[in-house]
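S.K.: This is the structure I have questions about; it appears just below.
The values are calculated or read from the model by the stated rules, or taken from the named source; none is laboratory data. Keep in mind the model is a prediction, meaning the values are calculated, not measured. Cβ coordinates were reconstructed from backbone atoms using ideal geometry, including for glycine residues, and neighbour counts include every protein chain displayed.
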Amino acid sequence: MGRKTLEPFARRAFKTIILLEVAGVFGAFYLFHKMNSSRDLRSTMNRDLPFVLEAYYKSNELAGVYGIREGDQKAWSAKKS
C-alpha cells in the first residue's frame with residue numbers, strides 16, 4: 001500500500017497563496033491610485049479608516065511627495081467653515 005503524499009495539496013495551497021498575494025498587491029495599487037486622484041475618497045477614508053489614510057500619507061512622504069496632507073486639511077477646514 002502506497003502512502004499518499006501531500007504534494008498535490010501543497011501545490012494547490014502554494015498556488016492559492018501566490019494568487020491571493022498578487023490580488024492583494026493589485027488591490028493596494030488600485031486603492032492607492034484612487035486615493036491619489038480623489039480628495040473626496042481621502043475624506044471618506046479620514047472619517048471611516050483613518051489608519052489607511054495615514055499609511056497613504058506616510059508612503060507619499062517616504063517617496064518624497066509632500067504637501068498632500070496639508071492641502072487636504074486646508075480644503076477640509078475651508079469646507080467646514
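S.K.: Go through ARG11, ARG3 for me and flag whichever is at negative phi, modelled with pLDDT under 95 and not in a helix (DSSP H, G or I).
M.R.: Residue meeting the stated conditions: ARG3.
S.K.: Taking region 37-51 as the region of interest, how many residues are under 15 Å from the mean Cα position of the chain (by Cα) and free of Cβ contacts under 8 Å to residues at least 12 places away in the same chain?
M.R.: Final tally of qualifying residues: 9.
S.K.: Report, by residue number, each residue of region 61-81 that is assigned to a loop (DSSP other than H, G, I, E, B) and under 22 Å from the mean Cα position of the chain (by Cα).
M.R.: ALA63, GLY64, VAL65, TYR66, GLY67
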